[in-house]
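Asker: Dumping the structure here so I can ask a few things about it.
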Ligand code: DC
């Protein structure tokens, strides 16, 4: 549990719901810390690849998670953070689909989740915190005064991912991406530990037909209503 009194807002939801962008915007707007918890699972996945550790080797993967040598460096302006793993800039490398699939797998290991618990809670300092993930409101910060569950239909999330890949000049098949999203959702929602689901007291926002500005404005409104800003 967080020992600090600074407010924490949690934003949980499936990939492609717009969570990452919304959380970045909120953290910038409020000048609060940002916890991108998915990046931690992605880093464990990438580190396992780098050290040629089989993804089924739970003990070795847990040790990796416990000893993860990572730095998050804020970039100048509004460019977010750079992610350094064992001295190497992996900001882009952690975002690919293959690493995402490894992340989803390692995230299903209870011992890996346990190993990352304190590291995540340590992001709550005397500044406010925007916590982005799957279990921020249910497990990591259950006392957060505002919990949001941001979702969107699988089809809309696949469409957004295709557009994002096309912008990066990568080829993208809608059917394959939709299939991958559905498989990832099933893995994240049905695992026995910390499954992806809204906290009982979460505010659910469906972004299928909302743009980022509208979602950010809606959360800003909730923060004001609860006198958190
Ligand atoms: O949000 P993301 O796509 O970067 O997350 C990568 C994977 O990590 C995702 O499949 C689920 C897992 N994850 C998790 O289990 N718990 C979190 N708090 C964040 C991510």
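Readers should treat all values here as calculations from the given coordinates under stated rules, not as data from a laboratory. None of these values were measured; they are calculated from a predicted model. Here the Cβ is made from the backbone with ideal geometry for all residues, glycine too, and neighbour counts use every protein chain on show.
Asker: What shape does the stretch 24-175 take by its C-alpha gyration tensor, where a ≥ b ≥ c are the square roots of the eigenvalues and a/c under 1.5 counts as rounded, a/b above b/c as prolate, and the rest as oblate?
Answerer: On the way: a/c = 1.32, a/b = 1.01, b/c = 1.31.
In terms of gyration-tensor shape, rounded.
Asker: Suppose we keep just the DSSP beta bridges with both residues in the chain; what percent of those would be antiparallel, to 5?
Answerer: Numbers: 7 of 24 bridges.
Given both bridge residues lie in the chain, the antiparallel proportion sits at roughly 30 percent.
Asker: What percentages, rounded to whole numbers, describe P(r) for the stretch 77-164 computed over all alpha carbon pairs with 5 Å bin width beginning at zero?
Answerer: 3, 9, 14, 21, 24, 18, 10, 1
Asker: So, in Å, what gap is there between the alpha-carbon centers of the stretch 1-75 and the stretch 142-214?
Answerer: A separation of 16 Å, based on Cα centres.
Asker: Please label the shape of the stretch 183-229 as rounded, prolate or oblate, based on the square roots a ≥ b ≥ c of the eigenvalues of the alpha-carbon gyration tensor (a/c under 1.5 means rounded; beyond that, a/b larger than b/c means prolate, else oblate).
Answerer: Here the stretch 183-229 falls in the oblate category.
Asker: For the stretch 148-229, max minus min Cα coordinate along each principal axis, in Å, sorted largest first?
Answerer: So the three principal-axis extents are 45, 34, 18 Å.
Asker: In percent, what relative contact order does the chain have, based on Cα pairs under 8 Å that are 6 or more apart in sequence?
Answerer: 33
Asker: A further question follows. So if R0 is 41 Å, what FRET efficiency would residue 66 and residue 171 give, r being the distance between their Cβ atoms, rounded to the nearest 0.05?
Answerer: 0.65
Asker: Given axes a ≥ b ≥ c from the Cα gyration tensor, I'd like to know whether the stretch 1-87 is rounded (a/c under 1.5), prolate (a/b larger than b/c) or oblate. Intermediate values should be presented prior to the final figure.
Answerer: Numbers: a/c = 1.93, a/b = 1.76, b/c = 1.10.
Judged from the Cα gyration tensor, the stretch 1-87 comes out prolate (a/c at least 1.5, a/b above b/c).
Asker: Helix-derived [θ] at 222 nm for the chain: sum -39500 (n - 2.57) over DSSP H runs of at least 4, divide by residue count, nearest 500?
Answerer: -14000 deg cm²/dmol
Asker: Sticking with the crude label model, points 7 Å out along Cα→Cβ, report the distance from residue 221 to residue 192 in nm, one decimal please.
Answerer: About 4.2 nm separates the two model spin labels.
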